[in-house]
Structures are given as C-alpha cells and as structure tokens.
Amino acid sequence: MEKHVKFFEKNTKGRDFVVGDIHGCYKEFQDALKRVEFNKSVDRLFSVGDIADRGPDSKKMLELLSEPWFHAVKGNHELMLYDAHTSPDKRNALIFLQNGGEMLPDSTETIKILDNINNLPYIIEIETKKGRKVGIVHAEIPPNINDWELLKKKVIENDKLDEEFNIFNKFVNLELLIWGSHRIGKYRRQSDKKKVYPPISGIDVVYVGHTIVKNPTLYEQHYYLDTGAFLPHWMPENKVKMMEDEGFNPRLTIREIR
C-alpha cells in the first residue's frame, strides 16, 4: 500500500457514504447509519477524521477502526491522541487533554487502537460507480496546490510537504493537510462568495471536516461536512446557545457518495 494514501475501487455491491467529524458521538453515529439504512455487509463508510475526543464515547468510535466497512483519514485529534500516548514529551498529553482528549488505559486494546491510528492515511481516493474521482482529507488541500496527482505523489514519496507547499511556514510536514482552514476562511471573508483559487485538476470533489459549518458547504471542490456534532457534549450550554443564535445547528452529517 502506498504510504499515507489509500485508494478504493468502485463499490459494485453496495453504497458508499462519507461522514463529518464524529468526535466520540457514537449514538449520533449509529442513528445516522440507521437513517441511511447502512448495510455493513456491502456498504462502505468513509470518515473525514476526528472520530474521537470531546464526545461521550470516543473509545467505542476508535474501536471501529478495526471494522472492515469503516475507513478514515487521520485527523488532528487522532494525531494528538497518538502523540499523547506515545511521545516522551509530556506537553503532548497536556495539549491533548486541553483540546478535549481523554487518555486511554494502558492495555493491549489500547496498543491496537494506537497502531490503527498510526496506519491511517492522510488521503483517501475513491472511484464512484459513475466514474467520478472523490478525495477525502481531514482539513483541506493547501491553497497553492492545484494538482491532485502531484499532491499524492508528494505525500507518497515524502513525509513532508516542503516549502513549495508550506504557504505560511507553520507546518512543515503532512500535518498541513489536517490543520488548514485557509480556503474556508477566505470564503467566509468574501461578501460575494466568488471563487479565488484555481481549480484542482485530477479530482472531482474533496470531502473535508475540521472547520465547523452551519450546513454542509461546497466551496471550490471542497465539501465541508463538520456540522458540530460534539458541541452539546463539550461546550457550555450558553456558548452552544450563542452558536445556535448565529445559525449553527449542532448535528452529525452523513452523505452518500455518488
């Protein structure tokens, strides 16, 4: 398997779905599967990452990484969880806990979970029944990249995206794919919502999470799916109410990939 990139051929037996940031909301996730009548024997579920932390049932969600029908890219919360449990630098554990993480018990099961997290790709590519090419990353394709195949080549061959791709010199490795919010930030700052970045060749649409949106939003080939399922579990009630007053509706979003 190519390092950090995982390819899935078209699903000829069932359907494919993609789900936004779950953040430990296991019940909401199970309810979403029921709504779409998900069939674990033939359907596939793809996650944009951040399946754990902040919600009430992170461990149950992490256990799904061993299921053959569940496929996820690495999110920033998976990265923080892994570093908190494996790095000798205690600051990693502190950062993890401050961001809503919960340490896992020292057990064989935890070792398996950490191994599964370490093996998660940064990029998933799916061929749809209609012959479309769909990508999944956690946060975004860096705005100065407009070639999907070139991005995959860089990610496969290296453990970092060098200065050519590191637009603000903040992240020097593949974490750029799981922390960025430049495209959606630019979109929100525009009054007329015009496109500002060149089209990304070689890909039809890229499903992402990371940035909370009021409703699933398609912007310049990026389909944003994080609709804040964890908010009622993690934020104070008054802050959730403030977000709701601003038009946010905390929920888990699931979409069929066509």
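Coordinate-derived values only; no laboratory data. On a predicted model such as this, the values are computed, not experimentally measured, just so you know. Positions of Cβ are generated from backbone atoms using ideal geometry, with glycine treated the same way; all protein chains shown enter the neighbour counts.
Length gain on complete extension for the stretch residue 10 to residue 218, per 0.36 nm per residue less the alpha carbon to alpha carbon distance? Working shown, then result.
Numbers: separation 208, 0.36 × 208 = 74.88 nm, distance 2.27 nm.
Going from the current span to full extension adds 72.6 nm.
Let me know the charge dipole size of the chain about its Cα centre in debye, to the nearest 20, where only the beta-carbon of Lys, Arg (+1) and Asp, Glu (-1) is charged.
On the way: 39 positive and 40 negative charges, 172 e Å.
I would put it at about 820 debye.
Relative to the compact globular guide of 2.2 N^0.38 Å, what is the alpha carbon radius of gyration of the range 87-139, as a ratio?
Rg over 2.2 N^0.38 Å, computed on Cα atoms: 1.65.
Could you please rank 251, 54, 188, placing first whichever residue has the fewest other Cβ atoms within 10 Å of its Cβ?
Values: 251 17, 54 22, 188 13.
Going from sparsest to densest Cβ surroundings: 188, 251, 54.
What FRET efficiency would be calculated for the residue pair residue 238, residue 106, taking the C-beta separation as r and a Förster radius of 25 Å, to the nearest 0.05? Numbers along the way, then the final one.
Working: r = 37 Å, r/R0 = 1.48.
Approximately 0.10, to the nearest 0.05.
Would you kindly calculate the translational diffusion coefficient of the chain, applying Stokes-Einstein with the Kirkwood radius from alpha carbon pairs, for 25 °C and a viscosity of 0.890 mPa s, and quote it in µm² s⁻¹ without decimals?
Stokes-Einstein gives a translational diffusion coefficient of 131 µm²/s.
So how much slack lies between residue 39 and residue 181, counting 0.36 nm per residue of separation and subtracting their Cα-Cα distance, in nm?
Details: separation 142, 0.36 × 142 = 51.12 nm, distance 3.34 nm.
So the extension gain works out to 47.8 nm.
For the range 179-254, what D do you get in µm² per second when you plug the Kirkwood radius from alpha-carbon pairs into Stokes-Einstein at 20 °C and 1.002 mPa s? Can you show the working numbers first?
On the way: Rh = 13.6 Å.
Once the numbers are plugged in, D ends up at 157 µm²/s.
With the dipole of the chain worked out from charges on the C-beta (+1 for Lys and Arg, -1 for Asp and Glu) around the Cα centre, which of 242, 219, 72 lies farthest toward the positive end?
Of the candidates, 219 comes out farthest on the positive side.
For residue 13, list the aspartates and glutamates whose Cα falls under 17 Å from its own Cα; do not include residues on the same chain fewer than 8 positions away.
Once the sequence-local aspartates and glutamates are set aside, what remains near residue 13 is 37, 43, 127, 256.
Can you give me the Kirkwood hydrodynamic radius for the range 5-52, using every pair of distinct Cα atoms, in Å to one decimal? Display every interim value, and only then the final one.
Values: mean 1/r = 0.0855 Å⁻¹.
The answer is 11.7 Å.
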